Structures are given as structure tokens and as C-alpha cells.
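Comments concern the structure below.
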Amino acid sequence: MKKIEHIGIAVNDLEASNNLFEKLLGRPHYKIEEVASEGVRTSFFKNGPNKIELLEATNPDSPIAKFLEKKGQGIHHVAFAVDDIVGEIKRLKGEGFTILNETPKKGADNKLVAFLHPKTTNGVLVELCQEAPLPKGEGA
Ligand code: ZN
């Protein structure tokens, strides 16, 4: 695992939280992206080598809606950058961690992502994220 790629924060109201974090970090967010399959709308801030991801639920069945209901606003997950998400999933499974999705899925911000169950990580929802490969023939 490499650096902390981002910290995910569950919020009730994305617009209000964008304003708050713009004041806090002294810079605007650089993108808003909806991940319909997860029932979330996300907003990203760059902060040095790391990012902050704000997450708002878009429907009552969204995992974010359930989190907010149970715990209220706050830190939702910590995401680590990895080079080889499939290899890391295999390694972590071998170490006894429970992987929520053993097949990486497409997350926000052009990433392939997988999550570790917080029951096996001292209560911290851990996200692995790998830069999604570019379609063949594009870029390096
Ligand atoms: Zn995330």
C-alpha cells in the first residue's frame, strides 16, 4: 500500500459542506461526481498529496444514508493508493481481512476500488484504490 489517497467524509448536505471545506482548506473543490450505483454524490478537494472526498447520499438505501443515520456526519473511510489492486486484495484476504467486493469496481475519480469490512480493521472502513487504466492507445 502507498500513501493515503483520500479521506472520505459523509455529509448531510454536499453544497453546504463544499462551502465549509472551501473555507477550511482555502481552496475550492475540483469536481463533483455522482456514482449512481453506490447512491452517492461526491465532491473532491486536493490537499497536498492527499484528497478529501465528501459523500452525500442520493437515496435512502445508499450506504452513506445508512452511515449517516447510524453515526451522523464524519469520517466514513480512509483510502489507500495501490498499484495492483487485484494483488493487494489477494494479499489482504490471505492476511485474514474481509473484502467487501473481491472484484474491484469502478469508483469516483477514475479509480478502481475495493473495500475492507470495518469489522476486520478496528472499525475503519478501508478503501483500496488504483488509478483506472486508460483505454488502450491513450496516454502513458
Ligand atoms: Zn473514497
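The values are calculated or read from the model by the stated rules, or taken from the named source; none is laboratory data. Predicted model only: the values in this text are computed from it and were never measured. Note: ideal-geometry Cβ built from the backbone for every residue, glycine included; neighbour counts use all protein chains shown. Accessible surface areas use protein heavy atoms only, side chains included; no ligands, DNA or RNA. Shrake-Rupley method; radii C 1.70, N 1.55, O 1.52, S 1.80 Å.
Among the residues making up the stretch 88-125, a single one is open to solvent by less than 60 Å² (accessible area, probe 1.4 Å), β-branched (Val, Ile, Thr) and without any contact (Cβ under 8 Å) to a residue 24 or more places away in the chain: Ile99. Out of curiosity, is Phe45 within 14 Å of the ligand (Cβ to nearest atom) and over 12 Å from the mean Cα position of the chain (by Cα)? Considered against the rule, which asks whether it is within 14 Å of the ligand (Cβ to nearest atom) and over 12 Å from the mean Cα position of the chain (by Cα), Phe45 comes out as yes.
Scan the stretch 3-32 for residues that are more than 16 Å from the ligand (Cβ to nearest atom), open to solvent by 80 Å² or more (accessible area, probe 1.4 Å), of a type outside the set (Asp, Glu) and over 16 Å from Ala65 (Cα atoms) and report the count. Total satisfying the criteria: 6. Could you tell me whether Ile85 is β-branched (Val, Ile, Thr), in contact (Cβ under 8 Å) with a residue 40 or more places away in the chain and within 13 Å of the ligand (Cβ to nearest atom)? No. Considering Leu68, Leu92, the condition of being at pLDDT 95 or above, part of a helix (DSSP H, G or I) and within 17 Å of the chain's Cα centre (by Cα) is satisfied by Leu68 alone. Of the residues making up the stretch 90-97, none is within 16 Å of the ligand (Cβ to nearest atom) and more than 29 Å from Lys23 (Cα to Cα). Here the condition is being of a type in the set (Lys, Arg) and farther than 25 Å from Arg27 by Cα; of Lys46, Lys71, it holds for Lys71 alone.
Tell me the residue from Lys70, Lys51 that is out of contact with any Pro (no Cβ under 6 Å at 6 or more places or on another chain) and free of Cβ contacts under 8 Å to residues at least 40 places away in the same chain, please. On inspection, the qualifying residue turns out to be Lys70. Residues in the stretch 79-106 that are under 18 Å from Phe44 (Cβ atoms) and out of contact with any Ser or Thr (no Cβ under 9 Å at 6 or more places or on another chain): Ala79, Phe80, Ala81.
His77 meets all of the listed conditions (1) in contact with a helix residue (DSSP H, G or I) (Cβ under 9 Å, 6 or more places away or on another chain); (2) within 14 Å of Cys129 (Cβ to Cβ); (3) not in a strand (DSSP E or B) but one, namely (3).
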